[in-house]
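A short worksheet on the structure shown next.
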Amino acid sequence: MTSPETRPSLLLRLRDAGDQQAWAEFLEIYQPLIFRLTRQRGLQDADAREVTQEVLVSVAGAIGGWKTDPNRGSFRGWLATIARNLVVNFLIRQSRHPRGTGDSDVARWLDEVPSPDCGESRLFDLERRRQVFLWAAEEIESEFRSETWRAFWDTSVTGREVSEVAHELKMTAGAVYVARSRVMKRLREKVEEAKE
């Protein structure tokens, strides 16, 4: 599945702090992503939640000034930069008031100057694609019978053998392939809707 861009219409709607639907959609996709990324940088659960909230507050305060400009980079690049800077700031604060619970990677963080194609950007893109997939899957699951969904999920997501799943669900292998194809088609449509 290709990595969808955050659609410009959602970014425009986010400028209206009262657009609860736009913010709910944004949070559903990006809040878990930002949290996972902060955890991967070694922050404890509570600290990662705190930094995630700081990132979201920063985005809410700065989204009005965001303009789509290919020379300035993508929205997700901007968001990744905000998240990275706030993690660095958090680590700096922690180094000034150490808790004695782990190592400090502040110097390493400060020495890193990420490029657009650095591993961190790739990690951010991968996590975003995962989150968009999970969001889209949750949105469409109720559109399918449970057997159809399980045939898709068990063979496409968990990687189980088609023959094993077909036997378990009392379906033919062909029916499992058809179910998987139907769900994948709808999943792609839902991801495309997110781009519009």
Apart from one, (1) acidic (Asp, Glu); (2) over 22 Å from residue 131 (Cβ atoms); (3) in contact (Cβ under 8 Å) with a residue 40 or more places away in the chain all hold for residue 164; the odd one out is (3)
Report those helices (runs of 4 or more DSSP H) wholly inside the stretch 1-96 carrying at least 2 residues which are modelled with pLDDT under 75. 8-14, 75-96
Report every pair of residues separated by at least 6 positions or lying on different chains whose Cβ atoms are under 7 Å apart, first residue within the stretch 121-140 and within 13 Å of residue 40 (Cβ to Cβ) and assigned by TED's automatic domain parsing to the domain that holds residue 39, second modelled with pLDDT under 80 and not basic (Lys, Arg). 124/80
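The values are calculated or read from the model by the stated rules, or taken from the named source; none is laboratory data. The structure displayed is predicted, hence computed values, not measured ones. All Cβ positions, glycine included, derive from the backbone under ideal geometry; neighbour counts span all protein chains shown.
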